[in-house]
Amino acid sequence: MWRKILTVVAVIMLTAGIGLVLFPIISNYVGGVISNSETEKFDNSVKNIINMPFDEAVETGVIDSEGYPIDRTGKRISDLKALLKEDLDRLYSDSLNYNTSLVNNQGTPATSDYTDAVLDLSDYGITDGVYCYISAPTIGMRLPVYLGASDSAMSYGAAHMSYTSLPMTTESANCAIAGHTGYIGRIFFDNLRRLNVGDRLSVKNYWETINYKVVDEKIVAENDSSDMYIKQGRQTLTLVTCISDGEGGFDRFLAICERV
């Protein structure tokens, strides 16, 4: 009897041990599949932008009345709503106006709250909340970027920190993007510290691909936001994640990148 109990316990412990060893590998793989799926959806959406008003697109049979692309028989050929160029033109204009106005308005009390999205993407026909995606080939990172560093957004990918520049070409800009490290079941910014100065990254939004290189790395206190501010004449990207302070709390690890 005891021998059987010990055998069962041994099997359970062995299974649990194998599970603990395999969990990071499996979660990394699954996380990569999810992230690649989101970025592929983004690429497909950009490839199929419709250059005509909504009513005209419906009338000519390009999309149905709900905005989904259809074939000649009226059958939906995609589960993604079509993006209209006129909506993306508005998004570009509003994003540029936001970035331009931000240059002279940093340091206000509101800039301490990075969680609220600065634009509601549903107003522009974007229903999945993805503004762009970020790629860092040297560490195998490819993540969708959502607006507003809220708990909800950061459970799906990386997140633009509100009251920093949006990720688009602007003469003076500093876009801060945050991502979790150690999030159970997903790999987000866990490998950020493996970036080296000189490594290349890219951000692809609805209009362009912006290339950056890492120019600095540093660890700062949790409440130190000085590296989030815009430097006149520079186009920078600041990647942010948590790192242990060795005393039970957390500091912030920053990878500071500049446009090339």
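The values are calculated or read from the model by the stated rules, or taken from the named source; none is laboratory data. Computed from a predicted structure; not experimentally measured. Virtual Cβ from ideal backbone geometry, glycine too; neighbours counted across all protein chains shown. In case anyone asks, the SASA skips ligands and DNA or RNA and just uses the protein heavy atoms, side chains included. Shrake-Rupley method; radii C 1.70, N 1.55, O 1.52, S 1.80 Å.
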Within the range 142-181, the residues that are in contact with a strand residue (DSSP E or B) (Cβ under 7 Å, 6 or more places away or on another chain), of a type in the set (F, W, Y) and either surrounded by fewer than 24 Cβ atoms within 10 Å (Cβ to Cβ) or at pLDDT below 95 (or both) are Y156
With respect to V214, is the statement that it is open to solvent by less than 10 Å² (accessible area, probe 1.4 Å), in contact (Cβ under 8 Å) with a residue 60 or more places away in the chain and not in a loop (DSSP other than H, G, I, E, B) true?
no
Among the residues of the range 137-156, the number that are under 23 Å from K41 (Cβ atoms) and either among the β-branched types (V, I, T) or touching an Asp or Glu at 6+ places or on another chain (Cβ under 7 Å) (or both) is 4
Quick check, is S202 among the hydroxyl-bearing types (S, T, Y), open to solvent by less than 70 Å² (accessible area, probe 1.4 Å), under 29 Å from L91 (Cβ atoms) and assigned to a strand (DSSP E or B)? yes
Quick count over the range 112-122, residues being open to solvent by 70 Å² or more (accessible area, probe 1.4 Å) and in contact (Cβ under 8 Å) with a residue 12 or more places away in the chain, is 2
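Please pick out the residue among I126, I134, I139 that is farther than 29 Å from P53 by Cα, open to solvent by less than 10 Å² (accessible area, probe 1.4 Å) and among the β-branched types (V, I, T).
Numbers: I126 fails: farther than 29 Å from P53 by Cα; I139 fails: open to solvent by less than 10 Å² (accessible area, probe 1.4 Å).
Checking each option against the conditions leaves just I134.
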